[in-house]
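First comes the structure, then the notes that go with it.
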Amino acid sequence: MNILVLLVALFALFYAVARHRIPFRTLALVTGLFLVIFTLGGGFNLFWGLVFWIAFLVPALLLGSPQLRMQWLSQPLLRRIRKVLPPMSDTERAAIEAGSVWWEAELFRGNPDWNLLQGYRLPELSAEEQAFIDGPVEQLCAMLDDWDITHNRMDLPPEVWDFLKQHGFFGMIIPRRYGGLEFSAHGHSCVVTKIAARSISAGVTVMVPNSLGPAELLLHYGTDAQKDHYLPRLADGREIPCFALTGPFAGSDAGAIPDTGVVCEGTYQGEHVLGLRLNWDKRYITLGPVATVLGLAFKVFDPDGLLGGEEELGITCALIPADTPGIEIGNRHFPLNAAFQNGPNSGKDVFIPMEFIIGGQENIGKGWRMLVESLSVGRGISLPAVGVAAGKACTRTTGAYAHLRKQFNTSIGKFEGVEEALARIGGHTYMMEAGRLLTLSGLDSGEKPSVITAILKCFNTEQMRQVVNDAMDVHGGRGICIGPSNYIARAYQTIPVGITVEGANILTRSMIIFGQGAIRCHPYLVREMEAATLEDFSAAEAAFDKALRGHAEYFLTNFCRAVIYGISGSRLAPAPYPGRIGAYYQRLGQMSAAFAVCADLVLMILGGSFKRKEKLSGRFADALSYMFYASAALKKFEVDGQPRSDLPLVEWSAKYCLYQVQMALDEILRNFPIKWLGVIVRHSIFPLGLNLRQPNDSLSHRVASLLIRPGEARDRLTDGIYISNDPDDITGCLEDALHKVIRAEPIERRLRHDELFQHGLEDYSQWIAGLREAGHIDGDEAEILLQAMAATTRVIMVDEFTPAQMAPRDAAANKEVAARKSVKKKSVTKKKAAVKKKRAQGPTKN
């Protein structure tokens, strides 16, 4: 009986702390009072009495008494932290401080406020944006022939370039007063989504000028004169921009940029002015080969003290006309058969005046902060939109193809193995779209959620990889035979492009998401770090002690919350409403509390050395990211009006995400820095074991079924991409065939008894004629069957080429390569001869 009373009391105490953050002194007083009453009532024997009183008194005295806490906790910890806290580079500090904290902080801190999530308004297109998408974007998509672009031209046709400029595609983020379209982040994202679903090469061409580049940097940091000159010219396409950051020896490590700008005096437009002499070598620069104006990142040095300060002034950004003397626009790179313009450029002793620096001379050394702040927004728009585009296109085309393609007289979409792939395609597409919309909600409300945009870029492009791979598996031979009618091959080939750029996913996952998130989202970590860096030790002690006290209460609350939610199977966790969907909110609340406990303990144990534990950091990133996607999917379902037909999609997404969070936490605990503590934490936060499961076969079947037939859920899931019913269109033929086959299916079901139907005939039209003569079908039905077969045949046939069609292209290519080598060899020979002649002449006298 005593044990039961004790357990009930402990449960009530943990529940009270879990639901209401109680000040530590109040908690200690209540707990002490209960122990006194329980002890005097004979509830403990000697041994257990000592155990419980020691377990209570040690933390109560250490944390409850300011003097004891300062002497035994705060001062020793502060001294240790000051010794081991690694120095933070300027690039690290700028990256960490960039942007703002938003919904991810709620998930990180263990107690997400569902009312806050419900209060976010998912974005809607303005009338002007919708008209642009229904008009110029629709027209553009109809103009695009991706095979012609990527195979014949290796570029967009001239008429497409002209169309893009004429309709302001390059000025979506530029305000109207400068001649731009001034679209919202949501409008910008929807345009990129629609174009990229049709042609990734066209999508990238449109996305880059509106993403991280000159226009974005000018808007936020440029001088009025720079804005007045460049923004109108960028908006109407007179100027084509690029931004050169990456070089052969500096990619993700921007601090290692070897490109330099030395402060000096020189001549510009006939005047003697103060400026910079630049030398650089860049590569992977999208739109670089056709750019008329280069955005450039480099390090500034002032060896002669012309600016009166330090010699090394830091990373700086400038905007330079491409025809400036000394600039060499190199050849083109060939990024996995994509045709968007990409290539190297370099500069040798290029002199620019100070007015070319974005924001003017006062912005010398502020370039890295400018870039990461812009990246905290830009990477949440363009590349995630490309992931969504691939998901929606694969959902639409693969679902239709799986219905049309038959084996053993059965649509392959009904085979369980294919259903698995279709379910992943539909589920991941729903997740990507939900994440995109929730992130755009924050961006359009003025937030700059750097952690969430990193999550979205990383995981939308990773899910794109999964979706396109599954789509390719379902298409089989139809997908691998490239040609004018192949609508999936180029997307398959270019998957690594999105995964690599704007922060490679391996580094984003293992270093940025949790590394940045821990510092920005944790309510006390930054305060403790700032206190540890104070020069005045007394002030540092006071600030650190205050932060430590709050940190202790925060951890205790999350620990109690994780235990209570775990014991109750999340049933005691809050939810915005009851029922089936409400249970997913409760599970997510449980995972959030468990995440907070694990994160706190690992950070406390490892301290500054955690930055080198990339595997642990990556698992924390997985957990935080999938919590975000789960909450986004639940939010989307609610905003859509909770349509019953979408229930399989939201449930698949929620189950998948929650399972991934659970397994990420499991891997963290298996690799916990202190093994025995990891075992204790595991049994505390998962007292009922790892009881979350992936979507089952029944749910996967329901998701797959949505994809293979026309319906509201399928239309909602693929809304926003170019859809044509033209049988001569590369994807329109699928829509045309799907409707014709569905119309023919009732007739075919009636004919299944026919032996010829079951075994097939070499001449389908002869069989139809025989059925009509026998009176099994009438003339209209015969026509319906013939049209369905013709449309299906068109869809399943693959491209083929004669040897003559392929050989000349190879021969021409070999000739061109040989010619280039010859020109290059002659050029090198001339240069060597000139050098040799100069040396023979001896030094020149001035």
ask   = Suppose every K and R has +1 on its Cβ and every D and E has -1 on its Cβ; what is the size of the dipole of the range 179-285 about the Cα centre, in Debye to the nearest 20?
value = 460
task = Just check the range 114-220 against the gyration tensor rule for me: Cα atoms, a ≥ b ≥ c as the square roots of the eigenvalues, rounded for a/c under 1.5, and otherwise prolate or oblate depending on whether a/b exceeds b/c.
result = prolate
inquiry  = Pairs of alpha-carbon atoms within less than 8 angstrom and 6+ residues apart define the contacts here; what relative contact order does the chain have, in percent?
reply    = 14
task = Determine the alpha carbon to alpha carbon distance for each of Lys227/Lys282; Lys299/Lys611; Lys392/Lys613 and list only those over 32 Å.
result = Lys392/Lys613
inquiry  = Net charge around Thr397, counting only other residues with Cβ within less than 11 Å of its Cβ (Lys, Arg = +1; Asp, Glu = -1)?
reply    = +2
Charge dipole (the chain, unit charges on Cβ, about Cα centre) - positive-most of Gly309, Pro289, Leu371 = Gly309
key: Integer Hz, Karplus 6.51/-1.76/1.60 couplings in order for the range 237-246, x for Gly and Pro   = x, 5, 10, 9, x, 9, 10, 9, 10, 7
request  = Summarise the accessible area of the chain (1.4 Å probe, protein heavy atoms) by the percent that is carbon and sulfur.
outcome  = 56
key: In Å, descending, principal axis extents of the Cα set of the range 522-589   = 55, 18, 12
remark   = Given backbone amide H placed at 1.01 Å from N, residues whose amide H is under 5 Å from that of Ala244, ignoring those fewer than 5 places away on the same chain, are Gly295, Leu296, Ala297
message = Could you tell me the center-to-center distance, by alpha carbons, between the range 190-240 and the range 495-510 in angstrom?
response = 22
message = Students often check this: by mean Cβ neighbours within 10 Å, which of 275-286, 610-621, 317-328 ranks highest, and how do the rest follow?
response = 275-286, 610-621, 317-328
message = Taking R0 as 60 Å, what FRET efficiency do you get between Lys611 and Tyr764 from their Cβ-Cβ distance, rounded to the nearest 0.05?
response = 0.35
ask   = Hey, can you rank 50-60, 643-653, 584-594 by average C-beta count inside 10 Å, highest first?
value = 584-594, 643-653, 50-60
ask   = Which whole-number value in Å² is the accessible area per residue of the chain, probe 1.4 Å?
value = 45
query = Once amide H atoms are built 1.01 Å from N in the peptide plane, which residues 5 or more positions from Tyr284, or in another chain, come under 5 Å H to H?
reply = Gly343
message = Can you list residues from other chains, or at least 5 along the same chain, whose modelled amide H is less than 5 Å from the amide H of Ile358?
response = Cys317, Ala318, Leu319
ask   = If you place +1 on the Cβ of every Lys and Arg, -1 on the Cβ of every Asp and Glu, and leave all else neutral, what size is the dipole of the range 299-358 about its Cα centre, to the nearest 20 Debye?
value = 480
query = Say the dipole of the range 413-495 comes from +1 at the beta carbon of Lys and Arg and -1 at that of Asp and Glu; which of Gly479, Leu437, Leu456 then lies farthest toward its positive end?
reply = Gly479
note = Expected sort for 505-511, 789-795, 724-730 on mean C-beta neighbours within 10 Å, highest first, is 505-511, 789-795, 724-730
message = Report D for the range 476-562 in µm² per second (integer): Stokes-Einstein, Kirkwood Rh on Cα pairs, 25 °C, 0.890 mPa s.
response = 141
Sites Ser65 and Arg693 - FRET efficiency at Förster radius 51 Å, r taken between beta-carbons, to 0.05 = 0.60
request  = Per residue of the range 588-602, in order, report the coupling 6.51 cos²θ - 1.76 cosθ + 1.60 (Karplus, θ = phi - 60°) as ³J(HN,Hα) in whole Hz, putting x for Gly and Pro.
outcome  = 5, x, 4, 5, 4, 5, 5, 4, 4, 5, 4, 4, 4, 5, 5
remark   = Hull surface over four for the Cα convex hull of the range 319-393, reported in nm², is 7.2
request  = Let me know the charge dipole size of the range 90-216 about its Cα centre in debye, to the nearest 20, where only the beta-carbon of Lys, Arg (+1) and Asp, Glu (-1) is charged.
outcome  = 140
task = Have a look at the range 166-250 and give its Rg and Dmax from the Cα atoms, expressed in angstrom.
result = 13.1, 40
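The values are calculated or read from the model by the stated rules, or taken from the named source; none is laboratory data. Just so it is clear, the model here is predicted, and its values are computed rather than measured. When we count neighbours, we look across all protein chains shown, and the Cβ atoms used for this are built from the backbone with ideal geometry, even at glycine. With ligands, DNA and RNA removed, areas are computed over all heavy atoms of the protein, side chains included. Shrake-Rupley method; radii C 1.70, N 1.55, O 1.52, S 1.80 Å.
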